[in-house]
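Written out below as structure tokens is the structure these notes cover.
The values are calculated or read from the model by the stated rules, or taken from the named source; none is laboratory data. Here the structure is a predicted model, which is why all the values come from computation and not from measurement. As a convention, Cβ positions derive from the backbone with ideal geometry for all residues, glycine included, and neighbour counts pool all protein chains shown. Remember, those area values only see protein heavy atoms, side chains included, never the ligands or the DNA or RNA. Shrake-Rupley method; radii C 1.70, N 1.55, O 1.52, S 1.80 Å.
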Amino acid sequence: MLGYRNLSIRNKIILIAMSCTLSALLVFVLFSDLYLSHQRRVQIESELNALAILLAERSTAALQFGDVTVAAQNLSALRAVRDVVNACLYDDKGQLFAHYHNQPGASDICPDSAQDMAIRQHEDFLLIPQAVVLDDVEIGQLYLQASLKTLEQLLFTYLLFSLLFGAAAALISFVFAARLHKVITGPINRLRSTIADIEATQDFSLRALQYSPDEIGELVQAFNHMLDRLDSENRLLSESETRFRTLATASPFGIFQVDEAGNSVYVNECYRELTGIHTPHITLSVFLKSIHPQDRESVKEMLLNAHADRQAFNAEFSIMRADDTVVHTICQAKPIFDADSHFKGFIGSLADVSELKQMQAQLERLAFYDPLTGLANRRLFRNRLEKTIRIAGRSGKRFALLFIDFDQFKRINDTLGHDRGDELLVAMARRIQLCLRPSDTLSRLGGDEFTVLVPDLKERRDADVIARKILKVLGKPVQLHGLELTSTCSIGITVFPDDAVTADALMKNADLAMYKSKETGRNRFHYFSESMNTAINRQMEIENDLRLAITAAEFELYFQPKIYLDRHALSGYEALIRWHHPVKGMILPGEFIPVAEDTGLISDIGRWVIEEVCRKIPDFLRQGLLPAGCRVAINLSAKQFRDPELVPEIRQILGRYAVDPKFLELEITESLIMNDIDIAIRTLDELRGMGIEISIDDFGTGYSSFNYLKRLPIDYIKVDQSFVTDIPHDRDDMEITSAIIAMAHSLRLKVIAEGLETLQQKEFLQLSGCDIVQGYFFGHPMPLEKLSAFFNSVASQGVHQIEAELTQRDAKP
């Protein structure tokens, strides 16, 4: 290398030109030789593989039938292939079956075992294995061994030719290189002189003279431009360095630069404040000691990996200062390299995110935890439920989901206020938590709804223990600000995977089971059963069908007669709705009315009943079915009665069909009125002012108050059929019925008894002074078409004759 440096440019040009030419030729020859060798070898292997496949297919019959002669004949066809030295055919047990060798007389060419043949290797030969397969079953193995001497001879000839061509090229290169240096060295020498002057004087204002417009001239021009840029960049670099130091000093982030060993090259003051390190030189070990022990090893590992991979470093960790103050930080650093792409260390920033971490923790609690009780909220509960499903699904274990809802909690909230209600919820949540195992999860979904996940159940009924504990502790009184409150709960339980395997299905099942607990008396628990699902599906079907039934005219009104007991004459009728489903047939009100009330469809149905009764009353009058003093009674739902548009709506319907209000009677349950007595009185006054009579339905089954009752503008009290049904067998029902009748008469109200079915009941009611009766004893509910026959029977025979006939019918065995 030293001798080369001392050579003149002329000799260097000649040497470089010849070296490049010879090097290029050498590389070309070597790569061509290797490529030719590879291509020829690939060709030989491809031809031999095809030949091996053909021979393997032709040998299947010989191997199948054990015919060595045929197998040898098949292999002897290889005589036409000069490169094949040896062919060995083995049976399915790996024993030599037949062989071929192009040198007759050789005795140990093919080993007896296929395993020995498979490991035979020789640099002068190529070994080709091929399985012999029949109907996708390997029945033997064929090996072909080929000589590579032909390939070697071809490569030697090519190499000799390439060397001769290279010698000629080197001679030509020498002649052209000798002429080239004269053109180049003159301008370069002048450029060298200018560079020497600049180096000697350090005067960067000097510029080289351009004598020609060729490449050398362009080089001179480029050199001058480079001097211009260098001068400009030096000024910019000085300004940039000043700006960087200003920004680093004023930055709210810690700025640092470390060398390849991790020792600091530069840190700003903010970095020292964040880390608490004030030593002049900060080494990697000093920096690592400042990191919190719980993060130290992970940060060290990340730093080493970033250093080894020359990659950017991003990490979040805590720093513990000398005064034990903990600072949460985010560190970001990128590798820096010099002009030769040599790694020189890292430059980066260190930011204090302690306040951000606190805010993040607060947001996480708001997102995943209930702010009142501190329990997991609906979102976190859903995540844990799905995770528990996955774990239980893999392990094959059971777990239970308990759905808890407090009984009558709304009453406590409305009575004592939401603050007391919240305090009660917190107290109850603590009590529930005491009933659970460490592995159980308690969550608050919202309001007074809680859920409990009970994992690792051995038996389905193991959840009983926790449910009973919860019912027991929640049933005890709670002292809140001098008040003693008691709030029981209803619990629904569903079990994975017995009941369901998805989160939605489990939640639905637990909710259904909880409502079953409420329906059966509250303060108890129920397990989910498929019958609950069937019931809710039936309810949903009814709801969907109800929406269609309103517009599809599937409803019909039936009318049940009401009879005066004192004069045995018709008092009127009660309109009762019936639903003729096109597929399911007759659906009774007891099945679809509760669904209509829950879904809000009861308003549309109630409006249809009022309008249909008013539409039919003219027909009643034309057919003589509504004598003077008789009325048609309609039941009002709670939603209808509370509707402020009820009175205007009834007035509009009456006007539309030109119906006198005196033919209309409205029945309202006593519990509906007692909810808001003052509003009820105002509504009833308006209805009675129109001429409509009012009845209190199901009297005796609600929260009756005689004080309120005497204030109500009503005309009738209807004794609920539950009191009439067991007369005369139940003395209590008889006494209650007599008391209701006496009380009503003392308030100058008439009494209607419903559910009359026997002569004994009729005689008792008559003796007790009941005014009007209604029931199967005198007539079932019937459509308008059949009502004419009943009315004509009453008109011609009288109620006494009908009563006698019914009595004789009931007396028959």
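Hey, can you tell me all the residues within the stretch 392-433 that are among the charged types (D, E, K, R) and assigned to a helix (DSSP H, G or I)? Outline the logic, then answer.
We begin by selecting, within the stretch 392-433, every residue among the charged types (D, E, K, R); these are 394, 397-398, 405, 407, 410-411, 414, 419-420, 422-423, 430-431.
Those that are among the charged types (D, E, K, R) and assigned to a helix (DSSP H, G or I): R394, K410, R411, D414, D419, R420, D422, E423, R430, R431.
Within the stretch 604-621, being open to solvent by less than 20 Å² (accessible area, probe 1.4 Å) and under 17 Å from R651 (Cβ atoms) holds for G606, V609, I610, V613, C614, I617. Across the stretch 727-756, the qualifying residues are those that are modelled with pLDDT of 90 or more, in contact with an Asp or Glu (Cβ under 9 Å, 6 or more places away or on another chain) and of a type in the set (D, E, K, R), and the one among them that is most open to solvent (accessible area, probe 1.4 Å) is K750. Here A306 fulfils each of the conditions (1) out of contact with any Cys (no Cβ under 6 Å at 6 or more places or on another chain); (2) part of a strand (DSSP E or B); (3) open to solvent by less than 30 Å² (accessible area, probe 1.4 Å); (4) not β-branched (V, I, T) apart from (2). Among residues belonging to the stretch 695-716 that are over 12 Å from I673 (Cβ atoms) and either at pLDDT below 85 or touching a helix residue (DSSP H, G or I) at 6+ places or on another chain (Cβ under 7 Å) (or both), point out the one that is surrounded by the fewest Cβ atoms within 10 Å (Cβ to Cβ). Among them, the one singled out is N707.
Within the stretch 309-336, how many residues turn out to be open to solvent by 80 Å² or more (accessible area, probe 1.4 Å), within 23 Å of E355 (Cβ to Cβ) and touching a residue at least 12 places away in the same chain (Cβ under 8 Å)? Let's see the steps before the verdict.
Of the residues in the stretch 309-336, the ones open to solvent by 80 Å² or more (accessible area, probe 1.4 Å) are 309-311, 314, 316, 322-324, 332, 334.
Applying the additional criterion that residues be within 23 Å of E355 (Cβ to Cβ) yields 314, 316, 322-324, 332.
From what's left, touching a residue at least 12 places away in the same chain (Cβ under 8 Å): 314, 316, 322-323, 332.
Qualifying residue count, the stretch 309-336: 5.
Of all the residues in the stretch 649-680, those that are open to solvent by less than 30 Å² (accessible area, probe 1.4 Å), more than 16 Å from G691 (Cβ to Cβ), part of a helix (DSSP H, G or I) and not β-branched (V, I, T) number 3.
Out of all the residues in the stretch 288-298, which are within 23 Å of I336 (Cβ to Cβ) and touching a strand residue (DSSP E or B) at 6+ places or on another chain (Cβ under 8 Å)? Working first, answer last.
At the first step, the residues of the stretch 288-298 found to be within 23 Å of I336 (Cβ to Cβ) are 288, 290-291.
Of everything in the stretch 288-298, those that are within 23 Å of I336 (Cβ to Cβ) and touching a strand residue (DSSP E or B) at 6+ places or on another chain (Cβ under 8 Å) turn out to be S290, I291.
Here P438 passes the criteria (1) farther than 13 Å from L401 by Cβ; (2) touching a residue at least 12 places away in the same chain (Cβ under 8 Å); (3) assigned to a loop (DSSP other than H, G, I, E, B) except the one numbered (2).
For the stretch 37-82, a residue qualifies if it is exposed (fewer than 13 other Cβ atoms within 10 Å of the Cβ), within 30 Å of F156 (Cβ to Cβ) and more than 59 Å from the chain's Cα centre (by Cα), and the qualifying residues are R79, A80, R82. Output the residues belonging to the stretch 378-408 that are in contact (Cβ under 8 Å) with a residue 24 or more places away in the chain, among the polar types (S, T, N, Q) and over 14 Å from D440 (Cα atoms). Selection gives Q408 alone. Filtered by the rule that a residue be surrounded by 12 or more Cβ atoms within 10 Å (Cβ to Cβ) and either farther than 23 Å from P252 by Cβ or without any contact (Cβ under 8 Å) to a residue 24 or more places away in the chain (or both), the stretch 357-375 gives Q360, R365, F368, Y369, D370, L372, T373, G374, L375. Mind listing just one residue for me: the one in the stretch 622-641 that is assigned to a helix (DSSP H, G or I) and either touching a residue at least 24 places away in the same chain (Cβ under 8 Å) or β-branched (V, I, T) (or both) and, of those, surrounded by the most Cβ atoms within 10 Å (Cβ to Cβ)? Ranking the candidates gives Q640 first. Within the stretch 259-275, identify whether any single residue is charged (D, E, K, R), assigned to a strand (DSSP E or B), open to solvent by 70 Å² or more (accessible area, probe 1.4 Å) and farther than 19 Å from K357 by Cβ, and answer yes or no. No, the stretch 259-275 has no match at all.
Residues that are outside any helix (DSSP H, G or I), modelled with pLDDT under 80 and buried (at least 16 other Cβ atoms within 10 Å of the Cβ): does the stretch 233-251 have at least one?
Kept after step one, since they are outside any helix (DSSP H, G or I), are these residues of the stretch 233-251: 251.
Checking which are modelled with pLDDT under 80 leaves us with 251.
Retained after the next criterion (residues that are buried (at least 16 other Cβ atoms within 10 Å of the Cβ)): none.
No, every residue in the stretch 233-251 fails to be outside any helix (DSSP H, G or I), modelled with pLDDT under 80 and buried (at least 16 other Cβ atoms within 10 Å of the Cβ).
Restricted to the stretch 455-484, and to residues there that are among the basic types (K, R) and in a loop (DSSP other than H, G, I, E, B), the residue that is most open to solvent (accessible area, probe 1.4 Å) is K458. In the stretch 492-505, the residues that are free of Cβ contacts under 8 Å to residues at least 40 places away in the same chain reach residues that are of a type outside the set (A, V, I, L, M, F, W, C) with C-beta atoms within less than 7 angstrom, at least six apart or across chains, in these pairs: D499/N509; A500/T494; A500/N509.
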